[in-house]
Amino acid sequence: MSWWRGVLAVLAAFAGIRRQQAAQQDGHLRPLQLIATALLLVAALIGLLLLLVNWISH
């Protein structure tokens with residue numbers, strides 16, 4: 001699995017928008033890689049939010 005396909009699958013699942021053919025291809029992705037990708041994206045989002053709060057508060 002390419003890293004990019006995993007990111008797209010996780011973001012599409014979060015947004016709830018995915019074409020049928022792409023959703024069927026997501027079924028071939030490894031669950032552990034999708035979980036790791038989702039956790040990394042959540043960590044990046046939290047980091048960005050913390051930076052934003054730090055920037056606003058100073």
Residues of segment 32-58 satisfying the condition of being over 16 Å from Val7 (Cβ atoms) and not small (Gly, Ala, Ser): Ile46, Leu49, Leu50, Leu51, Leu52, Val53, Asn54, Trp55, Ile56, His58
Matching residues in segment 30-57 - criterion: being under 15 Å from Leu11 (Cα atoms) and either among the polar types (S, T, N, Q) or in contact with a strand residue (DSSP E or B) (Cβ under 9 Å, 6 or more places away or on another chain) (or both): Gln33, Thr37
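With the structure loaded, tell me whether Val53 is surrounded by 12 or more Cβ atoms within 10 Å (Cβ to Cβ) and at pLDDT 85 or above or whether it fails that test. Give the steps one after another, and end with the answer.
Details: surrounded by 12 or more Cβ atoms within 10 Å (Cβ to Cβ): no; at pLDDT 85 or above: yes.
When the stated conditions are applied, Val53 does not pass them.
The values are calculated or read from the model by the stated rules, or taken from the named source; none is laboratory data. Remember, it's a predicted structure, so these values are computed and weren't measured experimentally. When we count neighbours, we look across all protein chains shown, and the Cβ atoms used for this are built from the backbone with ideal geometry, even at glycine.
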